[in-house]
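S.K.: What follows is a single structure, and I will ask about it in a moment.
The values are calculated or read from the model by the stated rules, or taken from the named source; none is laboratory data. This is a predicted model, so every value here is computed, not measured. Counting neighbours? That spans all protein chains shown, and the Cβs are built from the backbone with ideal geometry, glycine included.
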Amino acid sequence: MKSLFVALCLSAGSLFAAAPTEGPKAANLIVYRTGCIYGSMAKYRVNIDNQEQTKLKNKSIYTTTLTPGSHTIAPRNPNKAVTINAQDGQTYVVQYKTRFGLFGARPKLKVMTLEEAKQNKRFAALQSNTGM
(Lines give C-alpha, C1' and ligand atoms only; values in the text may rest on other atoms or scores of the structure.)
Protein backbone atom coordinates (compact mmCIF):
# COMPACT_ATOMS: atom_id res chain seq x y z
CA MET A 1 0.00 0.00 0.00
CA LYS A 2 2.84 2.34 0.89
CA SER A 3 4.59 1.69 -2.45
CA LEU A 4 1.35 2.39 -4.34
CA PHE A 5 1.03 5.75 -2.56
CA VAL A 6 4.65 6.66 -3.41
CA ALA A 7 4.12 5.67 -7.06
CA LEU A 8 0.99 7.84 -7.28
CA CYS A 9 2.81 10.81 -5.75
CA LEU A 10 5.70 10.46 -8.19
CA SER A 11 3.42 10.25 -11.22
CA ALA A 12 1.35 13.23 -10.02
CA GLY A 13 4.56 15.23 -9.56
CA SER A 14 5.33 14.90 -13.26
CA LEU A 15 1.96 16.52 -14.07
CA PHE A 16 3.02 19.68 -12.27
CA ALA A 17 6.49 19.85 -13.80
CA ALA A 18 7.27 23.02 -15.71
CA ALA A 19 6.47 22.92 -19.40
CA PRO A 20 9.54 23.04 -21.63
CA THR A 21 10.26 26.53 -22.90
CA GLU A 22 10.02 27.09 -26.61
CA GLY A 23 13.12 28.07 -28.51
CA PRO A 24 13.43 31.23 -30.57
CA LYS A 25 10.78 31.59 -33.24
CA ALA A 26 11.26 33.19 -36.62
CA ALA A 27 10.89 36.54 -38.33
CA ASN A 28 9.76 36.84 -41.95
CA LEU A 29 11.88 38.47 -44.63
CA ILE A 30 10.60 39.61 -48.02
CA VAL A 31 13.16 40.71 -50.61
CA TYR A 32 11.82 42.14 -53.85
CA ARG A 33 12.92 43.87 -57.03
CA THR A 34 10.58 46.01 -59.08
CA GLY A 35 10.71 46.21 -62.85
CA CYS A 36 13.09 48.60 -64.59
CA ILE A 37 14.08 48.69 -68.26
CA TYR A 38 17.65 49.72 -67.45
CA GLY A 39 19.44 46.67 -66.08
CA SER A 40 16.49 44.36 -66.70
CA MET A 41 18.78 41.51 -67.75
CA ALA A 42 20.92 41.73 -64.60
CA LYS A 43 20.32 39.26 -61.78
CA TYR A 44 21.11 40.61 -58.32
CA ARG A 45 22.47 38.26 -55.67
CA VAL A 46 20.74 38.06 -52.31
CA ASN A 47 23.30 37.16 -49.64
CA ILE A 48 22.08 36.69 -46.09
CA ASP A 49 24.87 36.49 -43.52
CA ASN A 50 27.46 35.93 -46.29
CA GLN A 51 25.58 32.99 -47.83
CA GLU A 52 23.97 33.32 -51.25
CA GLN A 53 20.26 32.55 -51.07
CA THR A 54 19.01 33.40 -54.56
CA LYS A 55 19.35 35.77 -57.50
CA LEU A 56 16.61 38.33 -58.11
CA LYS A 57 15.46 38.82 -61.67
CA ASN A 58 13.52 41.84 -62.85
CA LYS A 59 10.04 41.94 -61.20
CA SER A 60 10.71 39.14 -58.72
CA ILE A 61 10.15 38.47 -55.04
CA TYR A 62 11.87 36.15 -52.53
CA THR A 63 10.63 35.22 -49.06
CA THR A 64 12.38 33.41 -46.22
CA THR A 65 12.46 33.21 -42.44
CA LEU A 66 15.15 34.53 -40.13
CA THR A 67 16.05 33.55 -36.60
CA PRO A 68 15.82 36.40 -34.09
CA GLY A 69 18.99 38.49 -33.97
CA SER A 70 21.14 40.57 -36.27
CA HIS A 71 21.33 39.61 -39.97
CA THR A 72 23.15 41.20 -42.90
CA ILE A 73 21.52 41.31 -46.33
CA ALA A 74 23.85 42.24 -49.17
CA PRO A 75 24.25 42.08 -52.94
CA ARG A 76 27.58 40.94 -54.37
CA ASN A 77 29.28 44.09 -53.05
CA PRO A 78 29.36 43.89 -49.22
CA ASN A 79 29.71 47.70 -48.99
CA LYS A 80 26.05 47.99 -50.05
CA ALA A 81 24.81 45.73 -47.22
CA VAL A 82 21.95 46.52 -44.85
CA THR A 83 21.54 45.09 -41.35
CA ILE A 84 18.27 43.93 -39.84
CA ASN A 85 17.78 43.21 -36.15
CA ALA A 86 15.11 40.52 -36.56
CA GLN A 87 12.54 40.11 -33.82
CA ASP A 88 10.18 37.22 -33.29
CA GLY A 89 6.99 37.40 -35.38
CA GLN A 90 7.95 40.57 -37.29
CA THR A 91 8.03 40.96 -41.09
CA TYR A 92 10.86 42.88 -42.74
CA VAL A 93 10.98 44.02 -46.37
CA VAL A 94 14.13 44.80 -48.37
CA GLN A 95 13.77 46.49 -51.75
CA TYR A 96 16.46 46.06 -54.40
CA LYS A 97 16.28 49.21 -56.53
CA THR A 98 18.15 49.48 -59.81
CA ARG A 99 20.46 52.45 -60.08
CA PHE A 100 22.69 53.56 -62.91
CA GLY A 101 26.35 52.61 -62.86
CA LEU A 102 29.30 53.36 -65.09
CA PHE A 103 29.55 49.79 -66.43
CA GLY A 104 25.99 48.60 -65.83
CA ALA A 105 23.12 48.47 -63.40
CA ARG A 106 23.85 48.38 -59.66
CA PRO A 107 21.49 47.44 -56.83
CA LYS A 108 20.60 49.84 -54.03
CA LEU A 109 19.02 48.26 -50.95
CA LYS A 110 16.31 49.87 -48.85
CA VAL A 111 14.79 48.41 -45.67
CA MET A 112 11.15 49.19 -44.93
CA THR A 113 8.25 47.94 -42.89
CA LEU A 114 5.53 45.80 -44.42
CA GLU A 115 3.07 48.70 -44.15
CA GLU A 116 5.43 51.01 -46.07
CA ALA A 117 5.95 48.36 -48.74
CA LYS A 118 2.20 47.79 -49.18
CA GLN A 119 1.79 51.48 -50.00
CA ASN A 120 4.18 51.01 -52.94
CA LYS A 121 2.03 50.17 -56.00
CA ARG A 122 4.78 48.08 -57.60
CA PHE A 123 5.18 45.93 -54.47
CA ALA A 124 1.42 45.40 -54.27
CA ALA A 125 1.38 44.35 -57.94
CA LEU A 126 4.24 41.88 -57.35
CA GLN A 127 2.43 40.40 -54.35
CA SER A 128 -0.79 39.90 -56.29
CA ASN A 129 1.07 38.34 -59.26
CA THR A 130 2.90 35.83 -57.05
CA GLY A 131 -0.15 34.96 -54.96
CA MET A 132 1.23 36.20 -51.64
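Conditions (1) surrounded by fewer than 12 Cβ atoms within 10 Å (Cβ to Cβ); (2) part of a loop (DSSP other than H, G, I, E, B); (3) at pLDDT 80 or above; (4) not polar (S, T, N, Q), marked per residue:
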| residue | (1), (2), (3), (4) |
| --- | --- |
| Gly39 | no, yes, no, yes |
| Arg45 | no, no, yes, yes |
| Gln53 | no, no, yes, no |
| Thr64 | no, no, yes, no |
| Ile84 | no, no, yes, yes |
| Leu109 | no, no, yes, yes |
| Glu116 | no, no, yes, yes |
| Ser128 | yes, no, no, no |
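S.K.: Is there any pair linking a residue in the range 28-48 that is among the β-branched types (Val, Ile, Thr) to one that is surrounded by fewer than 18 Cβ atoms within 10 Å (Cβ to Cβ) and not in a strand (DSSP E or B), with Cβ under 6 Å and at least six apart or on different chains, and which?
M.R.: Hits for this filter: Thr34/Arg122.
S.K.: Examine the range 67-75 for a residue that is exposed (fewer than 13 other Cβ atoms within 10 Å of the Cβ), at pLDDT 85 or above and in a strand (DSSP E or B), and state whether such a residue exists.
M.R.: Scanning the range 67-75 turns up at least one residue that is exposed (fewer than 13 other Cβ atoms within 10 Å of the Cβ), at pLDDT 85 or above and in a strand (DSSP E or B).
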